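*Asks:* Mind having a look at this structure? Questions to follow.
The values are calculated or read from the model by the stated rules, or taken from the named source; none is laboratory data. Everything quoted here is computed from the prediction, not taken from an experiment. Here the Cβ positions follow ideal geometry from the backbone for every residue, glycine too, while neighbour counts run over all protein chains shown. Calculation scope for accessible area: heavy atoms of the full protein, side chains included, ligands and nucleic acids excluded. Shrake-Rupley method; radii C 1.70, N 1.55, O 1.52, S 1.80 Å.
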Amino acid sequence: MNYFELFSFSPSFDVDTALLAHRYRDLQKAVHPDKFAHSTEQNKRLAVQRTAQINDGFQTLKNPVSRAEHLLALKGIELSHESTTVKDTPFLMQQMQWRESLEDIRDSAAPDDLIDELNQCFIDYSQSIISRLAILLESDQPQDWHQAADHIRKLKFMVKLQDELSRAEDALFDDE
Amino acid sequence: MALFQIAEPGLSAAPHQHRLAVGIDLGTTNSLVAAVRSGKATTLPDLDGRHSIPSIIRYTKDQIQSGYEAESYSAQDPQNTIVSVKRFMGRSLNDLQSNNLISAYRFSSSDHGLPLFITEQGEVNPVQVSAEILKPLVARAEATLGGELEGVVITVPAYFDDAQRQGTKDAAALVGVNVLRLLNEPTAAAIAYGLDSGQEGVIAVFDLGGGTFDISVLRLNKGVFEVLATGGDSTLGGDDFDHLLAAQLIAQWQLTDISPTLERQLLIEARRVKEALTDNVLVTASLILATQDVLRFDVTRDAFDALVLPLVKKTINSCRRAMRDAGVGIDDVLETVMVGGSTRVPLVREQVLRFFKKTPLTSIDPDRVVAVGAAIQADILVGNKPDSDLLLLDVIPLSLGIETMGGLVEKVVSRNTTIPIARAQEFTTFKDGQTAMAFHVVQGERELVDNCRSLARFTLQGIPALAAGAAHIRVTFQVDADGLLSVTAMEKSTGVQSSIQVKPSFGLSDVEIGHMLKESMTHAKEDISRRMLAEKQVEAARVLESISAALNKDGDLLSDEVRSQIEASMQSLSQLRSANDADAIEKAIEALDHLTQDFAAKRMDNSIKLALKGQSVDNI
């Protein structure tokens, strides 16, 4: 399924997210199951299927990491079930350091400040990868796409870090 | 093309006739029913002018009492008078024991570990009790509106998991009403307010009821209500305030050897004191013992606040988490809406005000706002407002996942994903020659299976015997617009498939539901088959009406050959419809369904294209 097509965009990393949201709402208004609640079972089923695709497509295109991954999949580079790992040593060192900081949250005197600080670090770092990724994805050279794939793998590490940060934050709430 | 005339009495309504549909707020403490009449959504009162009805059912030897009548026996006959049954929905006996909820009742356990209340009428399960709560509401609606209901929207806490939702839908099935949608309570409240004020922006709905707490963060945009995040606690509510205060009174009065009757008396008194403390800073709790001794104790609002503060803090933490999940800041929030009777507690209002820095909206009665919103949605879903702009995009409250090696959870659908949604994940065999694979579906946020709720287990058989890791099994999770999950597993090379409508581990099986359905009818067999036939006839009428409208509108999408096949098939369904053979009607519907599948899909895709076109025109 080509989600760019579904939302009538040309396949590019550069997506107008406001327009995307607008189109999403218009598509929902056309096929959401609520519009078929009093219709036949067949229409109800189709509405659920199409809406599920639209929801999935919207999530995929809205988020830069999944959008990039989808774009590469359309170019024939599939990352979803791969086992390739990141070999960039400085990157991995940085990851380890951040992981240690995550563990420090629990015993920190000012955990909220540490969480905010880490959060900002993660956002800044991800943003810098994304800007490089954007350039590589606009290229028509397959070797650039493979390099883009490396950046996406790194971004996935960053997503995991973000998740763990959220979890650490949740754990703080639960202790209160 | 007017080939088919389908407006026989009782079968199908004329196209523009007002269809009867209501919204039902099936609450922990009280329940209500509301409908849109003359364009306005209001709750429907009983003959004595009372709008809400206590969610209490009493089982005596030869009858079932409900509402106020049942309530009056609550203290006197606690073991047969079931209160707050919503807290038992979708829960196992084990869950309940750890929640300290069960002391007043006698319980036994079903085969699946489902709690069964032992009453004078025998064992009853929470689904049956909930059905009894629904019955008088449906009867009231039909009497007030003057006809049979075509559908109902029932509200559930946003934070209800799959088992709790399924249980609620099963209860409606027992009553025999058509559920148009399970609607999340905070979303219902947002609709009730949103339509009144026509606002745009982010709204936070804080919903603290008798037994459940929800927080939902929504964005309103041109009639579309998009839930950004939801959170809460399906075991936290005003009841817990009562329990804390009752425990305090027990300690204060040094009561020991507490009978079920005394316990129920204490809870009723605790609730009275709590409610009175909303408008007073000091209330005297009192209790008359069996010995006729009278106990008294002064409770100040400050003391009560101190008692419940930890619980209120928990709700604020959920708000913080939901705001983070929604990706919006406090300053983005345009309005906060208060729902549920427990938001009358001054400390709750104060804490919510402090967190959101806004005076919450309370202009619609917090006890009625959910039912009102549900009625508005029911009116639209049943088809009375084809031109309405209102659309709800709701989310799944808790992540869905599958157990992997080592008791870990692999998330397939994360919480706060917009529904309906379908997601697939691939798994592989880990032993050479493995021909079967067991799946365990769980719901929750934690990493370990043991800390999540078990939803279902099923096995995919017939996997080709290959080397470890060579078979590829694709597991697809589909969540419908009610938030209910179905799962399919398929081995990719052979196409061997296994699918289940996830029936919760602590829910009822189809067999049990069928059995209960039979029990609930006096002339069981005859009634069931008559009902089945009527349902099929209505569906046949709906199918014929829909396809004939589709042919009129988009008939040019079809070749002459396919069109005449469809018309012939419609003809035979139309003839069968008046006969009394439910199976034959069902088969004819299936045949027609099969023939028109491509046509229907094409039409759906055309409406997608059309929607985008309208869009691009707007933007030029």
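*Asks:* Mind listing whichever residues of the stretch B:298-321 are within 14 Å of chain A (Cβ to nearest Cβ) and loosely packed, with under 14 Cβ neighbours inside 10 Å?
*Replies:* Result: B:LEU309, B:PRO310, B:LYS313.
*Asks:* With the requirement that a residue be open to solvent by 60 Å² or more (accessible area, probe 1.4 Å) and more than 11 Å from every other protein chain (Cβ to nearest Cβ), what does the stretch B:406-423 give you?
*Replies:* Of everything in the stretch B:406-423, those that are open to solvent by 60 Å² or more (accessible area, probe 1.4 Å) and more than 11 Å from every other protein chain (Cβ to nearest Cβ) turn out to be B:GLY406, B:LEU408, B:GLU410.
*Asks:* Something else now. Take the residues in the stretch B:272-297 that are under 17 Å from B:ILE258 (Cα atoms) and part of a loop (DSSP other than H, G, I, E, B); name whichever of them is least open to solvent (accessible area, probe 1.4 Å).
*Replies:* Selected residue: B:LEU289.
*Asks:* Look at the stretch A:113-138 and say how many of its residues are open to solvent by 50 Å² or more (accessible area, probe 1.4 Å) and in contact (Cβ under 8 Å) with a residue 12 or more places away in the chain.
*Replies:* Total satisfying the criteria: 5.
*Asks:* Here's a check for you: in the stretch B:40-61, which residue that is in a loop (DSSP other than H, G, I, E, B) and in contact (Cβ under 8 Å) with a residue 24 or more places away in the chain is farthest from B:ALA188 (Cα to Cα)?
*Replies:* Among them, the one singled out is B:LYS61.
*Asks:* What do you reckon, is B:ASP257 free of Cβ contacts under 8 Å to residues at least 24 places away in the same chain, more than 26 Å from A:ASP170 (Cβ to Cβ), open to solvent by 50 Å² or more (accessible area, probe 1.4 Å) and outside any helix (DSSP H, G or I)?
*Replies:* yes
*Asks:* Could you say which residue among A:THR60, A:THR51, A:THR40 is more than 7 Å from chain B (Cβ to nearest Cβ) and open to solvent by less than 40 Å² (accessible area, probe 1.4 Å)?
*Replies:* So the residue among A:THR60, A:THR51, A:THR40 that is more than 7 Å from chain B (Cβ to nearest Cβ) and open to solvent by less than 40 Å² (accessible area, probe 1.4 Å) is A:THR60.
*Asks:* Ok, one more. Would you kindly identify the strands (runs of 3 or more DSSP E) lying entirely within the stretch B:110-176 that contain at least 1 residues that are open to solvent by 10 Å² or more (accessible area, probe 1.4 Å)?
*Replies:* Passing ranges, in order: B:115-119, B:122-124.
*Asks:* Of the conditions (1) among the basic types (Lys, Arg); (2) in contact with a Gly (Cβ under 9 Å, 6 or more places away or on another chain); (3) open to solvent by less than 30 Å² (accessible area, probe 1.4 Å), B:ARG264 clears all except one; give me its number.
*Replies:* (2)
*Asks:* Specify the residue that is nearest to the other protein chains (Cβ to nearest Cβ); the eligible residues are those in the stretch B:583-606 that are surrounded by fewer than 18 Cβ atoms within 10 Å (Cβ to Cβ) and either of a type in the set (Gly, Ala, Ser) or in contact with a Pro (Cβ under 7 Å, 6 or more places away or on another chain) (or both).
*Replies:* Among those residues, the one meeting the criterion is B:ALA601.
*Asks:* Next question, about the same structure. In the stretch B:374-405, what count of residues is obtained for those that are away from chain A (no Cβ under 12 Å), touching a residue at least 24 places away in the same chain (Cβ under 8 Å) and closer than 30 Å to B:ARG453 by Cα?
*Replies:* Looking only at that region, the number is 8.
*Asks:* When you scan the stretch A:78-176 for helices (runs of 4 or more DSSP H) that lie fully inside it, which ones turn up with 3 or more residues that are within 13 Å of chain B (Cβ to nearest Cβ)?
*Replies:* A:111-138, A:142-175
*Asks:* Can you name the condition, by its number, that B:LYS313 falls short on among (1) over 25 Å from the mean Cα position of the chain (by Cα); (2) without any contact (Cβ under 8 Å) to a residue 12 or more places away in the chain?
*Replies:* (2)
*Asks:* Within the bounds of the stretch B:542-555, is there any residue that is within 10 Å of chain A (Cβ to nearest Cβ), in contact with a Lys or Arg (Cβ under 7 Å, 6 or more places away or on another chain) and modelled with pLDDT of 90 or more?
*Replies:* yes
*Asks:* Ok, one more. Go through (1) under 20 Å from B:ALA171 (Cβ atoms); (2) modelled with pLDDT of 95 or more and name the single condition B:GLN63 misses.
*Replies:* The failed condition is (2).
*Asks:* Among the residues of the stretch B:322-335, is any farther than 21 Å from B:ASN221 by Cα and open to solvent by less than 60 Å² (accessible area, probe 1.4 Å)?
*Replies:* no
*Asks:* Still on this structure, please answer the following. From the set of residues in the stretch A:1-20 that are assigned to a helix (DSSP H, G or I), among the aliphatic types (A, V, I, L, M) and in contact (Cβ under 8 Å) with a residue 40 or more places away in the chain, which is surrounded by the fewest Cβ atoms within 10 Å (Cβ to Cβ)?
*Replies:* A:LEU20
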